[in-house]
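Working notes for the structure below.
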Amino acid sequence: MLFLVPGVVFSQDDYGSIAYNDERQLYAYSLNSPTQPKADVRALLKCGKRCRVITRFKNACASVATGIGAYGWAVSPNRNMARNHSRAQCQKFKGRSCRVIQTICTRQIVFRKRSKR
């Protein structure tokens, strides 16, 4: 099924992944991939060696927070919830001074939000 918007075509689902390297505290993400496996591969290729996929999402927002001694991530239907939950997860794992370093949303979420205005 396709959703048609003048000048834009959206597939039914958009997939994303966030990859993270614990040792070097590096991350990379992929967004709006046509399948979950493709999203995983893209994130891992961007992130480099010793990275692993820490979260996968479909038609949603994802966020990563890091702190001293821990990190956290979350997936949610909206940006603010993802940010808040990733920070809370970092703190739950005993991270100190946790802060959000990245929040991303698939185009389905961005489009839905804009269409409500």
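The values are calculated or read from the model by the stated rules, or taken from the named source; none is laboratory data. Note that the structure is a prediction, hence the values are computed from the model and not measured. Cβ coordinates were reconstructed from backbone atoms using ideal geometry, including for glycine residues, and neighbour counts include every protein chain displayed.
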Output the qualifying pairs, or none if there are none: Cβ atoms under 8 angstrom, residues six or more apart or on different chains, first residue in segment 74-88 and farther than 15 Å from Asn59 by Cα, second residue surrounded by fewer than 20 Cβ atoms within 10 Å (Cβ to Cβ).
Arg83/Val100; Arg83/Thr103; Ser86/Val100; Ser86/Thr103; Arg87/Arg99; Arg87/Val100
For segment 86-110, which residues satisfy the criterion of being among the hydroxyl-bearing types (Ser, Thr, Tyr) and out of contact with any helix residue (DSSP H, G or I) (no Cβ under 9 Å at 6 or more places or on another chain)?
Ser86, Ser97, Thr106
Can you name the residue in segment 10-47 that is in a loop (DSSP other than H, G, I, E, B) and polar (S, T, N, Q) and is also farthest from the chain's Cα centre (by Cα) among such residues?
Gln12
Within segment 74-92, restricting attention to residues that are outside any helix (DSSP H, G or I) and modelled with pLDDT of 95 or more, which residue is surrounded by the most Cβ atoms within 10 Å (Cβ to Cβ)?
Ala74
Restricting the search to segment 56-65, which residues are part of a strand (DSSP E or B) and either surrounded by fewer than 20 Cβ atoms within 10 Å (Cβ to Cβ) or at pLDDT below 95 (or both)?
Arg56, Lys58
Find all pairs meeting these conditions: Cβ atoms under 6 angstrom apart; at least six residues apart or on different chains; first residue within segment 15-36 and at positive phi; second residue crowded, with 20+ Cβ neighbours inside 10 Å.
Asn32/Asp14; Asn32/Thr106
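For (1) surrounded by fewer than 20 Cβ atoms within 10 Å (Cβ to Cβ); (2) at pLDDT 95 or above; (3) not acidic (Asp, Glu), each residue gets a yes or a no:
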| residue | (1), (2), (3) |
| --- | --- |
| Met1 | yes, no, yes |
| Ser11 | yes, no, yes |
| Gly16 | no, yes, yes |
| Ala19 | no, yes, yes |
| Arg24 | yes, no, yes |
| Tyr29 | no, yes, yes |
| Lys38 | yes, yes, yes |
